[in-house]
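K.L.:
Let me give you the structure first, and then I'll get to my questions.
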Amino acid sequence: MTGCATNPATGEKQLSLVGTQQEIAMGRQASQEVAASIGLYDDPGLQAYVARVGDSLAARSERPELPWTFGVVDDPAVNAFALPGGFIYVTRGILAHLDSEAELAAVLGHEIGHVTARHSVERISKAQLANVGLGVGSILSSDIARFGDLANAGLGLLFLKYSRDDERQADDLGLRYAIRGGYDPRPMTDVFTLLERVSQLQQASRVPDWLASHPSPENRRALIAAKIDSTRSSFEGTRVDRDRHLREIDGVVFGLNPREGFFRANVFYHPDLRFQLEFPRGWKTANQKQQVLAVSPRQDAIVGLALAKGGSAEAAARTFASQQGLRTSAFRRGDLNGLSAASAEFEARTQQGTLRGAVVFVEDEGRVYQLLGYTAGQLWGGYQREIGAAIASFDRLTDQRILAIQPQRLEIVKLPSAMTVEQFAARYPADLSRDMLAVINQVRPGDRLEAGTLMKTVAGEDVSGRSPQ
Ligand SMILES: [Zn+2]
């Protein structure tokens with residue numbers, strides 16, 4: 001199972017758990033999970049832009065033969081990540097925050113470095129070994145196992161935590177690839193500054209994933225600045241390509257896209273699918289591509305909604321009931337707020353014990369939804385009412401204002417005259433805090449901006465509360 005291989009990027013001998021073909025297969029599978037669970041951003045031009053920059057760097061790396069794939073995921077968070085085998089993703093959120101093609105090259109070069117130095121595959125194989133050790137391979141049906149995974153942050157594998165040494169090595173390799181690609185490497189330091197500012201802005205909310213998995217940007221900025229200095233190059237003729245980057249990201253969706261569902265307090269609205277659902281108060285909610293769910297404050301109960309397979313509520317109920325390890329009560333046909341539905345309670349045996357819950361399949365506009373809630377068997381009595389009320393709250397969305405909601409989009413403007421940051425903010429009013437405006441433009445209060453400078457602003461209304469991007 002283990003072997004010793006030479007690290008292609010560093011030349012060092014290292015213990016290798018996984019061969020190249022297996023590494024590629026792991027990455028390919030994980031990338032399909034990314035596409036299914038986060039979703040790719042639907043903009044071929046933007047996808048092509050990121051692929052062009054990424055491919056040009058990867059071709060100059062030590063592992064040019066990998067099936068390098070670069071993509072933009074439809075996620076407002078400021079994040080980038082590398083999967084084994086050369087599958088690399090940036091979020092639309094980080095693209096909106098970056099200020100030049102050279103900054104994008106810095107981010108992609110760093111992620112390429114995690115792949116060429118085989119960090120991703122080593123981390124992922126250790127995580128998989130750990131999972132096997134915990135006996136995660138339960139007999140649970142895929143439906144329920146999927147919910148269980150999400151309760152444990154099932155995407156954790158994708159957002160690997162690297163060691164500080166790994167990070168430094170990826171920074172060094174990223175610097176190498178950016179220089180080989182003809183980019184000015186100095187904007188790398190601006191990326192670290194940006195990440196620090198994003199994290200400060202979000203202190204009250206959550207830490208961006210990229211920061212959680214890529215620690216201490218201030219420290220790394222100093223290190224990389226010293227490295228850039230020590231190359232003693234003039235960097236004349238190297239590329240920054242600020243305007244080109246800004247033209248590429250003009251119009252990108254900014255923040256949460258409310259069309260794909262959003263929360264107001266504990267009520268979830270989905271304008272595209274025209275339904276709403278009220279989750280228990282105080283539960284932690286998450287809106288994912290394939291499901292929306294809430295976890296109890298003690299993390300011992302879960303309730304959520306997903307699309308079900310099957311042409312009718314009854315067909316979906318039959319499929320559900322036929323799953324191994326599951327015992328359901330007889331399904332009751334009825335209606336849920338005027339919609340045709342089938343409901344039951346169930347019990348599932350798992351390696352962790354017995355789970356009890358309730359499930360309802362409901363038909364709406366040709367779709368069948370599965371509403372599912374469960375907890376440990378002995379806790380069911382305490383949660384039954386709350387879970388039942390959440391499931392029963394599923395209803396058609398008819399509020400015209402919510403049905404018409406549109407996302408905010410980045411808008412690139414050209415300054416007609418020189419002005420300060422404050423004058424810029426006043427001249428182009430946007431539904432966005434001044435702090436956020438300064439961060440996405442990578443400017444500070446009081447900075448003077450030249451006439452003709454391209455700047456970012458945001459068009460549209462922030463209807464869903466500030467998103468965690
Ligand atoms: Zn990293």
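K.L.:
Please determine whether any residue of region 346-357 is basic (Lys, Arg) and farther than 30 Å from Asp272 by Cβ. Walk me through how you get there before you give the answer.
P.N.:
The initial filter retains those residues of region 346-357 that are basic (Lys, Arg), namely 349, 356.
Still in the list and also farther than 30 Å from Asp272 by Cβ: 349, 356.
Yes: region 346-357 contains one or more residues that are basic (Lys, Arg) and farther than 30 Å from Asp272 by Cβ.
K.L.:
Quick one: would you say Thr350 is hydroxyl-bearing (Ser, Thr, Tyr) and under 30 Å from Leu256 (Cβ atoms)?
P.N.:
Working: hydroxyl-bearing (Ser, Thr, Tyr): yes; under 30 Å from Leu256 (Cβ atoms): no.
Answer is no for this residue.
K.L.:
Further, regarding this structure: Looking at (1) in a helix (DSSP H, G or I); (2) over 21 Å from Glu196 (Cβ atoms); (3) aliphatic (A, V, I, L, M); (4) within 16 Å of the ligand (Cβ to nearest atom), which is the only condition Leu108 fails?
P.N.:
If we test Leu108 against (1) in a helix (DSSP H, G or I); (2) over 21 Å from Glu196 (Cβ atoms); (3) aliphatic (A, V, I, L, M); (4) within 16 Å of the ligand (Cβ to nearest atom), just (2) comes out false.
K.L.:
Still on this model: Just give me the residues in region 349-363 being touching a Gly at 6+ places or on another chain (Cβ under 6 Å), surrounded by 16 or more Cβ atoms within 10 Å (Cβ to Cβ) and under 12 Å from Tyr374 (Cβ atoms), in sequence order.
P.N.:
First, the residues of region 349-363 that are touching a Gly at 6+ places or on another chain (Cβ under 6 Å): 349, 351, 354, 356-358.
Within this subset, residues satisfying the condition of being surrounded by 16 or more Cβ atoms within 10 Å (Cβ to Cβ) are 349, 356-358.
Matches in region 349-363: Arg356, Gly357, Ala358.
K.L.:
Could you tell me whether any residue of region 238-252 is modelled with pLDDT under 90 and either out of contact with any Pro (no Cβ under 7 Å at 6 or more places or on another chain) or more than 16 Å from the ligand (Cβ to nearest atom) (or both)?
P.N.:
The initial filter retains those residues of region 238-252 that are modelled with pLDDT under 90, namely none.
No, the conditions are met nowhere in region 238-252.
K.L.:
Would you be able to tell me the number of residues in region 390-444 that are touching a Gly at 6+ places or on another chain (Cβ under 7 Å) and more than 23 Å from Val198 (Cα to Cα)?
P.N.:
The total comes to 5.
K.L.:
Considering region 73-105 alone, what residues qualify as being of a type in the set (D, E, K, R), more than 25 Å from Ala286 (Cβ to Cβ) and either within 14 Å of the ligand (Cβ to nearest atom) or not in a helix (DSSP H, G or I) (or both)?
P.N.:
At the first step, the residues of region 73-105 found to be of a type in the set (D, E, K, R) are 74-75, 92, 99, 101, 103.
Now restrict to residues that are more than 25 Å from Ala286 (Cβ to Cβ): 99, 101, 103.
Matches in region 73-105: Asp99 only.
K.L.:
Starting from residues that are of a type in the set (A, V, I, L, M) and surrounded by 24 or more Cβ atoms within 10 Å (Cβ to Cβ), keep the ones in region 174-188 and report whichever is farthest from the ligand (Cβ to nearest atom).
P.N.:
If we filter region 174-188 for residues that are of a type in the set (A, V, I, L, M), which is where we start, we get 175, 178-179, 188.
If we keep only those that are surrounded by 24 or more Cβ atoms within 10 Å (Cβ to Cβ) too, we end up with 178, 188.
On the way: Ala178: 15, Met188: 13 Å.
Ranking the candidates gives Ala178 first.
K.L.:
Among the residues of region 413-421, is any modelled with pLDDT of 95 or more, within 29 Å of the chain's Cα centre (by Cα) and surrounded by 13 or more Cβ atoms within 10 Å (Cβ to Cβ)? Give the derivation first.
P.N.:
Applying the first criterion (modelled with pLDDT of 95 or more) to region 413-421 yields 413-421.
If we keep only those that are within 29 Å of the chain's Cα centre (by Cα) too, we end up with 413.
Among the residues that remain, those that are also surrounded by 13 or more Cβ atoms within 10 Å (Cβ to Cβ) are: 413.
So far as region 413-421 goes, yes, one or more of its residues are modelled with pLDDT of 95 or more, within 29 Å of the chain's Cα centre (by Cα) and surrounded by 13 or more Cβ atoms within 10 Å (Cβ to Cβ).
K.L.:
Next up: Those residues that are within 11 Å of the ligand (Cβ to nearest atom) and in a helix (DSSP H, G or I), I need them from region 111-125; list them, please. Even if it seems obvious, please write down each step before you answer.
P.N.:
Within region 111-125, the first condition is being within 11 Å of the ligand (Cβ to nearest atom), and the residues that meet it are 111-115, 117, 119-120, 123.
Scanning region 111-125 gives Glu111, Ile112, Gly113, His114, Val115, His119, Ser120, Arg123.
The values are calculated or read from the model by the stated rules, or taken from the named source; none is laboratory data. Since we're looking at a predicted model, the values are computed, not measured. Backbone-built Cβ (ideal geometry, glycine too); neighbour counts: all protein chains shown.
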